[in-house]
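The values are calculated or read from the model by the stated rules, or taken from the named source; none is laboratory data. No experiment lies behind these values; they were computed from the predicted model shown. All Cβ positions, even for glycine, are placed from backbone atoms using ideal geometry, and neighbour counts span all protein chains on display. All accessible areas refer to the heavy atoms of the entire protein, side chains included, with ligands and DNA or RNA removed. Shrake-Rupley method; radii C 1.70, N 1.55, O 1.52, S 1.80 Å.
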Amino acid sequence: MYWPKQWRHFQFDDFLLTLSLNTPNPQISIKYTIDGKTPTAASEEYSSEIEINNPVSSSGSKFAVIVRAAGFLGGERVTNIKSCSYVFYKESALNYKLPVISLITDGSNLYNADTGIYVKGVNYTGSNWTGNYFKTGIEWERDIHITYFDENGIKQLEQDAGVRIHGGLQRTSSQKSLRFYARKEYGDKDFDYQLLPQKEKDSYKRFILRTPQGDWNNTVIKDAVGAELVRGLNFEIQDYRPVITLLNGENFGIYWIRDYLGNKHFEDKYDLREDSVDIISGARGLGIVAGSNENYLDILSFVEENDLSIQENYDFVESQIDVYDMINYYASEIYMNNYDWPSGNLRIWKSTDLDNKWRWIMYDLDAAFNGRGGFNYNTLNQATTDSDGWPNHPGTSLLFSSLLENPTFRDEFITRSAYIAHYHFAPERVIDIIERIKSMVEPEMDFQYDRWNTPSGSGSLNSAINSHLVAFATARGPKVQSHYTSKFGLPGMANLTLIANDQMGSVALNDFPIPQDNNTADYYKDATIRLKAIPKTGYIFDHWEGNVLLTDQSEIEIVLDNSETITAVFIKDEKEYELSINEVKSCSYDDSGDWVELLLTTQDDIELEDWFLSDDILELNKWKLSDFSTTFSQDEETSFLVVESTEE
């Protein structure tokens, strides 16, 4: 093993690099390369310090010096290969505005006609879907060395890994998406760093460097914008981070770090067994990503043979899929006009370790917005009908269009679509997110312009964003409304204002929260709307004010004929609860946890969310009851609550 000088940050000044072995055997020689090639016995032999010069000033495309070295004895390699990226700034006073990922791999891993994963190679037959880069599986995984530097130039991650080509038809692009695998065979079984800033996760099994070249309109940011717009709707999305990418020291353009939403993702996120997860692709469920599609195909067979307007049949399907998840997902895809859907770019997952219900995954919005058809395109029609082929092959609409035959599902879809349009796709919100994400990449877009010329420059980028994203955001809403009113025979829309004193409680519409600073929106007439009044601790719901029938029920349904204002009225809860500690077990002498039994002299339901236990007068909120396992029981006069800690 040898140990080259380990820089923890970017460079600007030239320096001399010393290599050494941590073995006393003087017969072992060090062989090294500076072009990314794997060191062999025929490589340059190290005999004196290596001069490492800043390559940026002398080259328009090289930003790092790559050193790979290993020890050899008698023509055989006897140590591991050590690879290092020495990344340089353009100027001493300038920092890069994005993180930098430096990739090192032997060029043959990518460009060899027989084994290279980045070229058409021997597997190309003339079809768009053939070539080495369409090969999949571990046989087409190649070794690569990854170094991640943050925006301050500090090295945060460095390890050997595996790499494959990722994606669909974009595999034919000159800048291809790459998928990375951490395996113990390479050294580290995880990528231990918070690669994606949107989530508090600092360990990944896999991740993607996604090319912006798949974007049908060359906006570069479209897929990330789409993911941000639907955040909070509870179906799975891919988080994002733009990075400057170097390959063997050369500029390789701007990429996006993205989640790889395979079974490892769900295993980690939901604490599931990997083999409990099924992931399938396409609305017909024909593609198997992980596990099996058998259950989903059985559901489609049931739907094809049974009328879902009959509630019993609908209830069965509802027991197999998360209908709210599906509704939120479909409403979003339809609004954003993902033209390359639902035959493609649709994935569904479930786990027997969860509730075994199918849920939807949003990914690949390259064809969305003005991808094709523009802001006027009727994506609702595309989602509910079949054609002879792409993008809605025969059978793709079966599940969704059949569910819409059921009045409950139909109204839920219509009302949720109106909410999502207002709270997630309002033009001012969309434009704000567009500008925010554009500002992330814009300062370093020269890396993309210079390497790939797509887009060709800042003027081209801004033109694409304005004409295909901003213009779409401004004009899409009224068109979608007309598609819905026409499809479902609705008489139009009406204005609904929902009021609550947010110090006392709140209102939910079809389970979505209504913020009091944005509590007025348009909803479709003649479609059922569910309202729920939710009191805060210390308050109770009293009544509704407005055009409602059951004024004293906290959960009601309304149908709009005209614009309405409805108020949820809360009052202070004057009940006093006599609460005492009845029994305590601590300092356990067996394997069970500690517990406290509370006695409460009431038969009423008690909200535990804001109740605490403490043994410290200065820290009254020490233990939150809802964070522990609880068991509730009652007799005629009292209630008992056992709060148990399972920690040893």
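Assess whether Gln213 counts as being touching a strand residue (DSSP E or B) at 6+ places or on another chain (Cβ under 9 Å), under 19 Å from Ser439 (Cα atoms) and not small (Gly, Ala, Ser). Outline the logic, then answer.
Values: touching a strand residue (DSSP E or B) at 6+ places or on another chain (Cβ under 9 Å): yes; under 19 Å from Ser439 (Cα atoms): yes; not small (Gly, Ala, Ser): yes.
Against the criterion (touching a strand residue (DSSP E or B) at 6+ places or on another chain (Cβ under 9 Å), under 19 Å from Ser439 (Cα atoms) and not small (Gly, Ala, Ser)), Gln213 qualifies.
Can you tell me which residue among Val289, Val220 is among the β-branched types (Val, Ile, Thr) and surrounded by fewer than 24 Cβ atoms within 10 Å (Cβ to Cβ)?
Unique residue meeting the criteria: Val289.
Report yes if Glu442 is at pLDDT 95 or above, charged (D, E, K, R) and crowded, with 16+ Cβ neighbours inside 10 Å, otherwise no.
Criteria met by Glu442.
Report every pair of residues separated by at least 6 positions or lying on different chains whose Cβ atoms are under 6 Å apart, first residue within the stretch 223-237 and closer than 19 Å to Pro513 by Cβ, second among the acidic types (Asp, Glu) and modelled with pLDDT of 95 or more.
Correct list of pairs: Phe235/Asp325.
Take the stretch 90-107 and flag every residue that is touching a residue at least 12 places away in the same chain (Cβ under 8 Å), open to solvent by 20 Å² or more (accessible area, probe 1.4 Å) and among the small types (Gly, Ala, Ser). Explain how you work it out, then say what you get.
Initially, the stretch 90-107 is screened for residues touching a residue at least 12 places away in the same chain (Cβ under 8 Å), giving 90-92, 95-107.
Imposing the further condition that a residue be open to solvent by 20 Å² or more (accessible area, probe 1.4 Å) reduces the set to 90-92, 95, 97, 106-107.
Ser92, Gly107 - these are the residues of the stretch 90-107 that are touching a residue at least 12 places away in the same chain (Cβ under 8 Å), open to solvent by 20 Å² or more (accessible area, probe 1.4 Å) and among the small types (Gly, Ala, Ser).
Considering only the stretch 572-601, state which residues are at pLDDT below 65 and either open to solvent by 90 Å² or more (accessible area, probe 1.4 Å) or at positive phi (or both).
Once the filter is applied, which keeps residues that are at pLDDT below 65 and either open to solvent by 90 Å² or more (accessible area, probe 1.4 Å) or at positive phi (or both), the stretch 572-601 yields Glu576, Glu578, Cys587, Tyr589, Asp591.
Filter the stretch 621-640 down to residues that are in a loop (DSSP other than H, G, I, E, B) and modelled with pLDDT of 65 or more, then give me how many there are.
At the first step, the residues of the stretch 621-640 found to be in a loop (DSSP other than H, G, I, E, B) are 621-622, 628, 635-638.
Still in the list and also modelled with pLDDT of 65 or more: 621-622, 628, 635, 638.
Counting residues in the stretch 621-640 that are in a loop (DSSP other than H, G, I, E, B) and modelled with pLDDT of 65 or more gives 5.
Would you please list the contacts, defined by Cβ atoms under 7 Å and residues six or more apart or on different chains, that run from a residue in the stretch 278-295 that is more than 23 Å from Asp386 (Cβ to Cβ) and at pLDDT 95 or above to a residue that is assigned to a loop (DSSP other than H, G, I, E, B) and open to solvent by 40 Å² or more (accessible area, probe 1.4 Å)?
Taking only residues 6 or more apart or on different chains, the pairs are Asp278/Gly291; Asp278/Ser292; Ile279/Gly291.
May I ask you to verify whether Gly505 is open to solvent by less than 20 Å² (accessible area, probe 1.4 Å), more than 24 Å from Val430 (Cβ to Cβ) and in contact with a Pro (Cβ under 6 Å, 6 or more places away or on another chain)? Before you say what the answer is, go through the steps one by one.
On the way: open to solvent by less than 20 Å² (accessible area, probe 1.4 Å): yes; more than 24 Å from Val430 (Cβ to Cβ): yes; in contact with a Pro (Cβ under 6 Å, 6 or more places away or on another chain): yes.
So Gly505 passes the test.
Can you name the number of the only condition in (1) buried (at least 18 other Cβ atoms within 10 Å of the Cβ); (2) closer than 30 Å to Ser554 by Cβ that Pro513 fails?
Single failed check for Pro513: (1).
Exactly one of (1) among the acidic types (Asp, Glu); (2) farther than 25 Å from Tyr330 by Cβ; (3) open to solvent by less than 10 Å² (accessible area, probe 1.4 Å) is unmet by Glu236. Its number?
Among (1) among the acidic types (Asp, Glu); (2) farther than 25 Å from Tyr330 by Cβ; (3) open to solvent by less than 10 Å² (accessible area, probe 1.4 Å), Glu236 violates only (2).
Check whether at least one residue in the stretch 519-533 is within 34 Å of the chain's Cα centre (by Cα), under 14 Å from Ala500 (Cβ atoms), modelled with pLDDT of 85 or more and in a loop (DSSP other than H, G, I, E, B), and report yes or no.
Taking every residue of the stretch 519-533 in turn, at least one turns out to be within 34 Å of the chain's Cα centre (by Cα), under 14 Å from Ala500 (Cβ atoms), modelled with pLDDT of 85 or more and in a loop (DSSP other than H, G, I, E, B).
Among the candidates Tyr133, Tyr193, Tyr148, single out the residue that is part of a helix (DSSP H, G or I) and more than 30 Å from Ser332 (Cα to Cα). If you could, list the steps in order and put the result at the bottom.
Working: Tyr193 fails: part of a helix (DSSP H, G or I); Tyr148 fails: part of a helix (DSSP H, G or I).
Being part of a helix (DSSP H, G or I) and more than 30 Å from Ser332 (Cα to Cα) holds for just one of Tyr133, Tyr193, Tyr148, which is Tyr133.
All but one of (1) crowded, with 16+ Cβ neighbours inside 10 Å; (2) more than 25 Å from the chain's Cα centre (by Cα); (3) under 20 Å from Thr245 (Cβ atoms) hold for Tyr484, so report the exception by its number.
Checking Tyr484 against (1) crowded, with 16+ Cβ neighbours inside 10 Å; (2) more than 25 Å from the chain's Cα centre (by Cα); (3) under 20 Å from Thr245 (Cβ atoms), the one that fails is (3).
Please specify each residue of the stretch 23-50 satisfying the condition of being in contact with a Ser or Thr (Cβ under 8 Å, 6 or more places away or on another chain), at pLDDT 95 or above and either of a type in the set (Asp, Glu) or open to solvent by 50 Å² or more (accessible area, probe 1.4 Å) (or both).
Lys37, Glu44, Glu45
Considering only residues that are open to solvent by 90 Å² or more (accessible area, probe 1.4 Å), at pLDDT 80 or above and within 17 Å of Phe72 (Cα to Cα), which ones fall in the stretch 1-22?
Asn22
Pull up the stretch 347-390, narrow it to residues that are at pLDDT below 95 and buried (at least 19 other Cβ atoms within 10 Å of the Cβ), then point me to the one that is nearest to Thr485 (Cα to Cα).
That would be Asn370.
Kindly list, by first and then second residue, each pair from a residue in the stretch 316-334 that is among the polar types (S, T, N, Q) to a residue that is part of a helix (DSSP H, G or I), limited to pairs with Cβ atoms under 7 Å and residues at least 6 apart or on different chains.
Between residues of the stretch 316-334 that are among the polar types (S, T, N, Q) and residues that are part of a helix (DSSP H, G or I), the close pairs are Gln320/Ile299; Asn328/Arg416; Asn328/Ile420; Ser332/Ile420.
Do any helices (runs of 4 or more DSSP H) lying entirely in the stretch 252-347 carry at least 1 residues that are of a type in the set (Lys, Arg) and over 15 Å from Met362 (Cα atoms), and which ones are they? Quick ask: steps written out before the conclusion?
Details: elements: 263-270, 294-305, 311-318, 323-335.
In the stretch 252-347, 263-270 are the helices (runs of 4 or more DSSP H) which contain 1 or more residues that are of a type in the set (Lys, Arg) and over 15 Å from Met362 (Cα atoms).
Filter the stretch 147-166 down to residues that are modelled with pLDDT of 95 or more and either β-branched (Val, Ile, Thr) or within 17 Å of Trp129 (Cβ to Cβ) (or both), then give me how many there are.
5
Any idea how many residues of the stretch 51-89 are open to solvent by less than 40 Å² (accessible area, probe 1.4 Å), within 27 Å of Arg142 (Cα to Cα) and assigned to a strand (DSSP E or B)?
15
Please state which one of Thr528, Thr537 is farther than 28 Å from Val225 by Cβ, surrounded by fewer than 19 Cβ atoms within 10 Å (Cβ to Cβ) and touching a helix residue (DSSP H, G or I) at 6+ places or on another chain (Cβ under 6 Å). Please lay out each step first, then the result.
On the way: Thr537 fails: touching a helix residue (DSSP H, G or I) at 6+ places or on another chain (Cβ under 6 Å).
That would be Thr528, the only listed residue that is farther than 28 Å from Val225 by Cβ, surrounded by fewer than 19 Cβ atoms within 10 Å (Cβ to Cβ) and touching a helix residue (DSSP H, G or I) at 6+ places or on another chain (Cβ under 6 Å).
Within the stretch 257-264, can one find any residue that is crowded, with 18+ Cβ neighbours inside 10 Å and touching a His at 6+ places or on another chain (Cβ under 7 Å)?
The answer is yes, given that some residue of the stretch 257-264 is crowded, with 18+ Cβ neighbours inside 10 Å and touching a His at 6+ places or on another chain (Cβ under 7 Å).
For the stretch 440-474, give me each residue that is under 22 Å from Lys176 (Cβ atoms) and not in a helix (DSSP H, G or I).
Selection gives Met445, Asn453, Thr454, Pro455, Ser456.
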